[in-house]
1. Ranked from the most accessible area to the least, with a 1.4 Å probe and all protein chains present, what is the order of Val44, Val63, Val28?
2. How far is helix 2-25 tilted, in degrees, relative to the longest principal axis of the Cα atoms in the chain, given as a value from 0 to 90 rounded to the nearest 10?
3. Run the numbers for Leu39 and Glu84: contour at 0.36 nm per residue of separation, minus the present Cα-Cα distance, in nm.
4. If the only charges are +1 at each Lys and Arg Cβ and -1 at each Asp and Glu Cβ, what is the size of the charge dipole of the chain around the Cα centre, to the nearest 20 debye?
5. Report the accessible area of Tyr77, computed with a 1.4 Å probe over the heavy atoms of all protein chains in place, in Å² rounded to the nearest 10.
6. Determine the order of Thr57, Thr13 by accessible area, beginning with the largest, at a probe radius of 1.4 Å.
Amino acid sequence: MAYLFTILNFAFTVYQYMIIAYILMSWVPQMRATGIGQLLERLVEPYLAPFRRFIPTLGFIDVSPIVALIALRFAQYGLFSILERLM
């Protein structure tokens, strides 16, 4: 079962880095037109969309990805604690 924790931790970490890369790509608009940019958009935007609906931007700064990353971290900790109790 340690392998399950390792795989899940790796998946959460990769997704967090994907979100961070997608955020950084917003600073260079040409990056979103590339194949990698479009792939990241298809994978990350469905997760970020609900946060963007409820959290307003502060001027030109969109803080919803930060809240989304924190929520993802809480989901990771919650899932791991549930799996630990089941074992």
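The values are calculated or read from the model by the stated rules, or taken from the named source; none is laboratory data. Since this is a predicted model, take the numbers as computed values, not measurements. Note: ideal-geometry Cβ built from the backbone for every residue, glycine included; neighbour counts use all protein chains shown. All accessible areas refer to the heavy atoms of the entire protein, side chains included, with ligands and DNA or RNA removed. Shrake-Rupley method; radii C 1.70, N 1.55, O 1.52, S 1.80 Å.
1. From most accessible down to least: Val28, Val63, Val44.
2. 10
3. 12.9 nm
4. With only Lys, Arg, Asp and Glu charged at Cβ, the dipole is about 80 debye.
5. Looks like 130 Å² after rounding.
6. Thr57, Thr13
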